[in-house]
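Below: one structure in structure tokens.
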Amino acid sequence: MTHNLLHRQRWRPERGWLALIVVVICLACSTPTYAAGHPLEPITKEEVATAMKVLQANGKVGADIRFPVIALQEPSKADVLAYKAGTPIQREAFIVVYERATNDTFEAVVDCTHSVLVSWKKIPGVQPPLTEEEVKLTQEIVHADPQWQAAIRKRGITDFEHIQVDPWSAGYYHLQGEDGVRVVRAVSYYNAGSVNPYARPIEGLIAYLNMNTGKVFKLVDTGVVPVPKTTADFDDRSVGPLRTPPRPLQIAQPQGPSYEIHDGEVSWQKWHFRFAMHPREGLILYTVGYEDRGKLRPIMYRAGLSEMVVPYADPGPAWFFRNAFDEGEYGIGHMSYPEEADTDAPANAHFFDAVFADERGAPFEIPRAVALYERDGGLLWKHVDEKTEINQSRRARELVLAWIATVGNYEYGFNWIFHQDGTLEMDVLLTGVMEPKALPAAGQHDAYGHLVTPDIEAVHHQHFFNFRLDLDVDGPADNGVVEMNTVALPPGKDNPYDNAFIAKELVLRTEQEAERNLNLETARVWKVINRSVKNAVGAPVGYTLVPGDNAIPYAGPNSSMRKRAGFLNAQLWVTPYDANELYAAGDYITQSAGGDGLVRWVKANRSIDGKDVVLWYTLGVTHLPRPEDWPVMPVIHTGFKLVPTGFFDRNPALDMPSMTVKRAAGN
Ligand SMILES: [Cu+2]
């Protein structure tokens with residue numbers, strides 16, 4: 001949801017000896033590692049260093065040059081699918097380069113295998129995501145501004161060192177002096193005597209910064225509002241009397257986990273997949289397939305979060321611009337902290353470090369950024385034969401691949417859950433601290449939020465996520481998308497008892513036909529099929545996107561946010577595969593006017609029938625804050641599933657052996 005990146009400081013071992021010891025132990029016990037060789041292997045520190053050396057040698061590194069994105073340049077899909085283990089490969093890095101003084105952005109591709117600059121191009125009229133350096137700079141620039149200092153003194157505050165200043169992306173509002181300039185809007189919080197600054201907003205005071213000159217160019221002050229006195233910390237000491245914790249629940253895997261990892265590929269209960277962390281997208285799943293009768297059948301080539309936006313409902317001068325594109329504007333992918341076993345993930349989790357680079361091109365590692373673990377999955381299937389009383393029952397196991405991002409005040413978790421029945425689920429978790437608003441007097445809140453304490457309102461907002469799902473159902477060729485609508489038949493000669501309902505299939509043939517929304521009335525779902533592969537009942541094999549909860553945007557279609565987040569115009573989009581189309585709102589979001597990404601691509605109205613197709617699913621949560629969400633929210637879950645639909649010929653988990661003693665007759 002948000003914006004402030006102050007908590008985005010990278011994890012550093014000097015934060016505590018204990019943390020360091022834990023890391024050492026976990027790395028030692030964390031057996032799975034990436035073996036060198038596969039083209040989709042995550043970028044390494046050495047490759048980042050090589051890429052920087054090549055840029056340096058080509059005169060592309062200077063005192064004023066920054067590198068907001070350094071990531072693996074993925075090889076072509078065709079090359080990856082044709083890859084044979086042991087074949088030599090060329091590894092490349094993709095780099096976004098920003099020159100602050102001139103506000104120029106460039107893209108570079110470096111061949112790290114042969115240390116060669118492959119391409120260098122200027123991308124006109126765009127701006128890269130905010131860097132961590134700019135987060136720190138925002139606070140320095142604001143603290144040094146005499147007008148802001150006067151406004152703070154007017155509020156009776158003199159200890160400026162206790163004011164945290166968060167940068168918000170500027171958005172695009174045709175405001176004077178903002179075109180062609182890198183702008184940040186800064187929000188201040190008073191954090192004296194409080195770990196959590198978000199209980200103490202300095203309401204109505206917004207500084208507009210020109211990041212190219214390093215100056216505040218405008219200060220919005222809507223008048224003095226008392227800074228809330230509440231502390232909203234939630235460590236054990238601050239919470240008050242603690243409950244008796246539950247007694248230990250031990251998860252033991254005495255024979256180790258059931259998954260194996262070979263050359264970076266995870267295999268578990270017939271599932272096969274790869275994964276990597278990307279500085280922008282976060283956790284990416286690659287080459288997902290399922291073993292069926294001795295054959296590995298492809299399901300999805302690549303899946304990742306393609307964009308996010310969190311628009312707020314308050315129209316006032318201190319709030320109208322608050323809509324954070326956490327991926328395109330902030331780079332949610334590298335906003336991870338080391339996960340802790342037994343809290344962030346269960347005790348049996350294995351962790352994987354992520355390699356990123358800072359804005360100066362120095363590689364760094366976030367330890368334990370991704371967790372992989374098995375957990376109990378409840379009941380898999382069951383039936384008791386009433387005559388013999390034989391209970392055929394199977395317990396399910398799940399495999400979870402988990403990543404958590406901390407984006408300022410909010411946390412987002414993303415769990416890919418692999419089920420034994422062929423279902424692949426995305427479980428999105430929302431937690432953290434809501435964005436607060438201080439009130440003129442206790443209880444005097446407006447219509448745009450709800451009180452969470454007598455002197456704090458949390459403003460209404462929505463969280464939208466778009467997932468790019470490159471499904472390859474039994475391979476990339478000859479895929480298509482069918483919409484399923486369940487409808488009641490009218491009463492009549494063919495339906496004399498008025499009980500009939502049927503499933504209607506609608507083939508979506510073009511991009512514009514495939515711009516679709518949910519429909520509860522028709523239980524609408526979308527199935528990706530492969531017409532050249534038929535199942536036992538003679539139908540094309542398929543995988544269905546089954547939505548969970550969702551939301552429609554409340555900001556108007558002509559609002560700046562909606563123009564920039566065109567992916568909110570529909571919940572489903574389908575495009576023919578194009579390696580260059582990765583981000584639902586376009587490649588560069590910072591201060592963009594909009595109209596990029598899906599809305600631009602689908603204008604061509606390309607055919608999606610019988611093609612390699614990509615599904616884009618927009619998922620939303622409408623968040624009307626409750627007191628129970630304060631001071632830290634219990635996790636909200638949302639997500640979707642990819643469910644086999646005639647992909648298998650029978651229940652694919654039928655071959656799960658019985659693990660229990662049969663119930664004795666008569667019990
Ligand atoms: Cu929320």
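Taking K and R as +1 and D and E as -1, what net charge do the other residues with C-beta under 10 Å from the C-beta of Ser188 add up to?
0
Taking the Cβ-Cβ separation of Asp236 and Gln147 as r and a Förster radius of 30 Å, what is the calculated FRET efficiency to the nearest 0.05?
FRET efficiency, Asp236 to Gln147: 0.15.
Now for a different question. So how strong a dipole does the chain carry about its Cα centre when Lys and Arg Cβ are +1 and Asp and Glu Cβ are -1, to the nearest 20 debye?
400
Suppose only helical runs count, i.e. DSSP H with n ≥ 4. What mean residue ellipticity at 222 nm does that imply for the chain under -39500 (n - 2.57) per run, divided by all residues and rounded to the nearest 500 deg cm²/dmol?
Calculated at 222 nm, the ellipticity per residue is -2500 deg cm²/dmol.
What is the distance, in nm, between label points placed 7 Å from the Cα along the Cα-to-Cβ direction at Thr102 and at Glu389?
8.5
Quick one: Karplus J couplings for the stretch 243-250, per residue in order, coefficients 6.51, -1.76, 1.60, θ = phi - 60°, nearest Hz, x for Gly and Pro?
Values per residue, Gly and Pro as x: 6, 6, x, x, 5, x, 10, 9 Hz.
Turning to a different aspect of this structure: Looking at the square roots a ≥ b ≥ c of the eigenvalues of the Cα gyration tensor of the stretch 444-589, which shape do they give, rounded for a/c under 1.5, prolate if a/b is larger than b/c, or oblate?
Oblate, because a/c is 1.5 or more while a/b does not exceed b/c.
What length, rounded to one decimal in nm, is gained on full extension from Ala604 through to Lys215, with 0.36 nm per residue of separation minus their alpha-carbon distance?
Working it through step by step, the gained length comes to 135.8 nm.
Taking the Cα centroid of the stretch 579-645 and of the stretch 239-272, what is the distance between the two, rounded to the nearest whole Å?
Taking the Cα centre of the stretch 239-272 as reference, the centre of the stretch 579-645 is 30 Å away.
Around Arg524, under 15 Å between beta carbons, what's the net of Lys plus Arg minus Asp minus Glu among the other residues?
Charge balance in the 15 Å sphere: -2.
Moving to a separate point now. So if each residue of separation counts as 0.36 nm, and I subtract the Cα-Cα distance between Glu365 and Arg650, what length gain in nm does that give?
Additional length available on full extension: 98.2 nm.
Tell me, Val574, Val546, Val481 in order of fewest to most beta-carbon neighbours within 10 Å?
If I rank by nearby Cβ atoms, fewest first, I get Val546, Val481, Val574.
Something else about it: Report, in whole Å, the centroid distance computed from the Cα atoms of the stretch 198-237 and the stretch 498-513.
If you average the Cα positions of each part, the centres end up 51 Å apart.
Give the lysines whose C-alpha is closer than 26 Å to that of Lys60, dropping any in the same chain fewer than 8 places away, or say none.
Lys45, Lys121, Lys122, Lys136
Under a straight-distance cross-link criterion of Cα-Cα below 17 Å, which aspartates and glutamates are reachable from Lys295, leaving out those fewer than 8 residues away in the same chain?
Counting by Cα, and skipping residues close in sequence, Lys295 has these aspartates and glutamates nearby: Glu265, Asp421, Asp472, Asp474, Asp649, Asp655.
Quote to one decimal, in nm, the extra length available between Val109 and Asp446 on full extension: 0.36 nm per residue of separation minus the C-alpha distance between them.
116.3 nm
If you take the charge dipole of the chain about its Cα centre, with +1 on Lys and Arg Cβ and -1 on Asp and Glu Cβ, which of Ala536, Phe418, Gly204 is farthest toward its positive end?
After comparing all options, I get Ala536.
In terms of modelled amide H atoms, which long-range or inter-chain residues lie less than 5 Å from the amide H of Thr510?
Ile608
Could I ask something else about it? Need the C-alpha centroid separation for the stretch 460-485 versus the stretch 124-191, integer Å.
38
Tabulate in residue order the Karplus-calculated ³J(HN,Hα) for the stretch 174-189, using 6.51 cos²θ - 1.76 cosθ + 1.60 with θ = phi - 60°, rounded to whole Hz; enter x for Gly and Pro.
So the J values, rounded to whole Hz, are 6, 7, 4, x, 10, 5, x, 10, 7, 10, 10, 10, 10, 10, 10, 9.
Return the distance in nm (one decimal) between the two label points of a simple spin-label model at Arg626 and Trp120, each offset 7 Å from Cα along Cα→Cβ.
5.7
Estimate the FRET efficiency between Val61 and Leu379 by the formula 1/(1 + (r/R0)^6), using the beta-carbon distance for r and 56 Å for R0, to the nearest 0.05.
0.45
When Rg is the radius of gyration of the Cα atoms in the chain and Rh is its Kirkwood radius, what does Rg/Rh come to?
0.98
Can you give the FRET efficiency for Leu296 and Ala500, using 1/(1 + (r/R0)^6), R0 = 30 Å, r = Cβ-Cβ distance, to the nearest 0.05?
So the FRET efficiency works out to roughly 0.15.
Any read-out appearing in this document is the output of simple, stated calculations on the displayed coordinates, not a laboratory observation. Quick caveat, the model's predicted, so the values are computed rather than measured. In this analysis, Cβ positions are derived from the backbone assuming ideal geometry, glycine residues included, and neighbour counts consider all displayed protein chains.
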